[in-house]
Amino acid sequence: MPSLNLYDTATREVGVFTPLVKGEVSIYVCGATVQSSPHIGHIRSAINFDILRRWLTKNGYTVTLIRNVTDIEDKVLQKALQEKTHWWELAMKYEREFTAAFSAVNVIPPTYEPRATGHITQMIQLMQILIENGSAYAPGNGDVYIEVRRLKHYLTLSGQRIDDLQPAADTDETYKKDPRDFALWKAAKPGEPSWPTPWGAGRPGWHLECSAMAFEYLGESFDIHGGGLDLIFPHHENEKAQSEAAGYGFAQRWLHNAWVTQSGEKMSKSLGNSLLVEVILERVRGIELRWYLGSAHYRSMLEYSEAALDESAVAFRRIESFLKRATQITGSQIEGTISSEFEAAMNDDLAVPAALATISENLRRGNQSITDGDIPMITKNAGEIRGALQILGCDPFDSHFAGGSSSELRDVMDGVISLALQERASARDRKDFLTSDAIRDGLLALGITIEDTAQGPRWSIMEKS
RNA sequence: GGUCGGGUGGCCGAGAGGCGAGGCAAGGGACUGCAAAUCCCUCUACACGGGUUCAAAUCCCGUCCCGACCUCCA
């Protein structure tokens, strides 16, 4: 097959992706800081990387995907104080919410999901290496810092120069050699959780965990490091600095997803314009939310609006409806296949918008084939659509989305509705349209849509909107 | 101040020197008792000013506007 091309934030170019180990791909994605409920931006990030993972898997790679949970961090402690709860209780609560949100949009769980607090030992080992080789220092107050001026390749991801950085306003220069030095480890303050280290009791700085956990599960070097655009600096820059200073090759390629915006502005916890997943899921189904969030290119901003979400959901239902009809007509389960157009689009830096154009084409041809009664063409187009939806994680036949009414209940409903449709048919035969329309309207009031197709009337339950 | 994105038709949204992505909406048509669904047709855009080129939405220079990051963030 033609090879997969991917963008790399470090070079800002799209290039051929070649994994370190043939047939295997190792990915580290920065997951959630579990300090508040997930919004659709978080979910978008997970969906983008899930699509990458599914595409790699489809192409025969064995994928190891590590997505961390940051369960100890300043904000977690702050929020716990506000909510008058234990920090670990708070972290667990939100971790569960994230897990539920990921599941609602059919994100395959990572191969492993390490928590920062479970990897203190690995962090201490990493600090040991960095202090021994002179990249880091412990000034004696319990903190441990990286000395950024001693790093050879600092800031190569974001393309900045140390001297151009605005030093943090709140930086404490009592112990730092340079205001831009960043903390690997933070000394314990009274009342805060802490773990013992050779340099004093404390807790991890934000960046150290990812370096330590990436090394633990993926080794010195791995293929892809992902996360949101806002993590490039400082988080990824600092992770890279630490790991490289320890002598590791670290990430070979960096992928960053863009945001979900509102009125052009990034959705974020601090701006208070977050759209919580649970709220959106009252408006559309999980599969529709996924379709919407996955439809933009991962490096493009996705400007949220209710109208766009609704439009997207309607478009998805059209596709879904075609697949269901195709299954009924062909009388067999549709097998997902990959068209060469879809493959080309996905191989071009996961060009989902171009891939969606191929689905539109399949849909148009498929519907035409239903009108023509051309079973082989129905099967071909439905197969290519289903194959594409499987990669996008939006396969309506995926058992993950099945839920709801049991097939037994559905059979009963089918029987009952068929009775009503028989009444309607005989009314229509008598040209008693008053009665036939009353039956259709009655069913509609119950949320059941009737469509008269060439193959006879067809009923479906209206999706919530 | 430094760094990085972006501005495309009524709307959304790709593309990145030539061969008009796609979707939605709108209008017209086919089908239909009506409706729904479906199909066909129509609508030709790249912030502004220069430049390079046989050819620019795409490359270069300048300007305007929007957003992001600069140690909390997906």
Legend entry - For A:Val29, residues with placed amide H under 5 Å, excluding near neighbours: A:Ile66, A:Arg67, A:Asn68, A:Gly226
Legend entry - Förster-model FRET efficiency, 56 Å R0, A:Gln166 and A:Ser399, C-beta, rounded to 0.05: 0.65
Inset, instruction - Pull out a ≥ b ≥ c, the square roots of the eigenvalues of the alpha-carbon gyration tensor of chain A, then state rounded if a/c is under 1.5, prolate if not and a/b is larger than b/c, and oblate in the remaining case. - result: prolate
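So between A:Glu192 and A:Val416, what do we pick up on full extension, going 0.36 nm a residue minus the alpha carbon distance?
Working: separation 224, 0.36 × 224 = 80.64 nm, distance 6.28 nm.
Answer, rounded to one decimal: 74.4 nm.
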Inset, instruction - Putting +1 on Lys and Arg Cβ atoms and -1 on Asp and Glu Cβ atoms, find which of A:Thr371, A:Met213, A:Tyr304 reaches farthest to the positive end of the dipole of chain A. - result: A:Thr371
Inset, instruction - Filter the cross-link list A:Lys58/A:Lys324; A:Lys79/A:Lys240; A:Lys75/A:Lys176; A:Lys324/A:Lys380; A:Lys152/A:Lys240; A:Lys22/A:Lys58 down to pairs whose alpha-carbon distance in this structure exceeds 19 Å. - result: A:Lys58/A:Lys324; A:Lys79/A:Lys240; A:Lys75/A:Lys176
Legend entry - Hz values of 3J(HN,Hα) by residue in region A:409-424 - Karplus curve (6.51, -1.76, 1.60), Gly and Pro given as x: 4, 5, 4, 4, 4, 4, x, 5, 5, 4, 4, 5, 5, 5, 4, 5
Legend entry - Karplus-derived HN-Hα couplings along region A:28-35 (A = 6.51, B = -1.76, C = 1.60, θ = phi - 60°), whole Hz, x at Gly and Pro: 10, 10, 6, x, 8, 8, 7, 10
Legend entry - region A:357-465: trypsin sites (Lys or Arg not before Pro) in DSSP coil with no more than 10 other Cβ atoms inside 10 Å: A:Arg430, A:Lys431
Inset, instruction - Would you work out the charge dipole size for chain A about its Cα centre, treating the Cβ of every Lys and Arg as +1 and the Cβ of every Asp and Glu as -1, and quote it to the nearest 20 debye? - result: 160
Legend entry - Charge dipole of chain A about the Cα centre (unit charges at C-beta), most positive-ward option of A:Thr156, A:Gln262, A:Ile108: A:Ile108
Inset, instruction - Would you work out the relative contact order for chain A, in percent, from Cα pairs under 8 angstrom that are 6 or more residues apart? - result: 16
Inset, instruction - Report, to the nearest 10°, how far helix A:352-372 tilts away from the longest principal axis of the Cα atoms in chain A, using its own Cα long axis and a range of 0 to 90°. - result: 10
Legend entry - Per-residue [θ]222 nm for chain A (sum of -39500 (n - 2.57) over DSSP H runs n ≥ 4, rounded to 500): -14000 deg cm²/dmol
Inset, instruction - Would you mind checking which residues have amide H under 5 Å from A:Glu24's amide H? H placed 1.01 Å from N; only 5 or more apart, or other chain. - result: A:Thr62
Inset, instruction - Assuming R0 = 30 Å, can you tell me the calculated FRET efficiency for the pair A:Gln125 and A:Leu229, based on Cβ-Cβ distance, to the nearest 0.05? - result: 0.45
Legend entry - Estimated dipole of region A:16-111 in Debye, rounded to 20 [Cβ of Lys and Arg +1, of Asp and Glu -1, Cα centre]: 340
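Give the percent of DSSP beta bridges with both residues in chain A that are antiparallel, rounded to the nearest 5. Intermediate values should be presented prior to the final figure.
Values: 23 of 45 bridges.
Antiparallel bridges make up about 50 percent of those DSSP assigns within chain A.
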Legend entry - Long-range HN-HN contacts of A:Phe222 with modeled amide H, under 5 Å: A:Phe250, A:Ala251, A:Gln252
Legend entry - Rounded if a/c under 1.5, otherwise prolate or oblate - region A:381-424, Cα gyration tensor axes: oblate
Inset, instruction - For region A:68-73, just list the computed ³J(HN,Hα) in residue order, Karplus coefficients 6.51, -1.76 and 1.60, θ = phi - 60°, integers in Hz, with x standing in for Gly and Pro. - result: 7, 10, 8, 10, 9, 4
Inset, instruction - Would you work out the relative contact order for region A:46-198, in percent, from Cα pairs under 8 angstrom that are 6 or more residues apart? - result: 20
Legend entry - Contact order relative to length of region A:407-461, as percent, for alpha carbon pairs under 8 angstrom and 6 or more apart: 22
Legend entry - Cα gyration tensor, region A:5-257 - rounded (a/c under 1.5), prolate or oblate: oblate
Inset, instruction - For chain A, build the charge dipole from Cβ charges (+1 Lys, Arg; -1 Asp, Glu) around the Cα centre, then report which of A:Ala136, A:Pro196, A:His42 sits farthest towards its positive end. - result: A:His42
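None of the figures in this text is laboratory data; all of them are computed from the coordinates on show. Predicted, not measured: the structure shown is a model, and the values here were computed from it. Note that we place each Cβ from the backbone using ideal geometry, even for glycine, and neighbour counts take in every protein chain shown.
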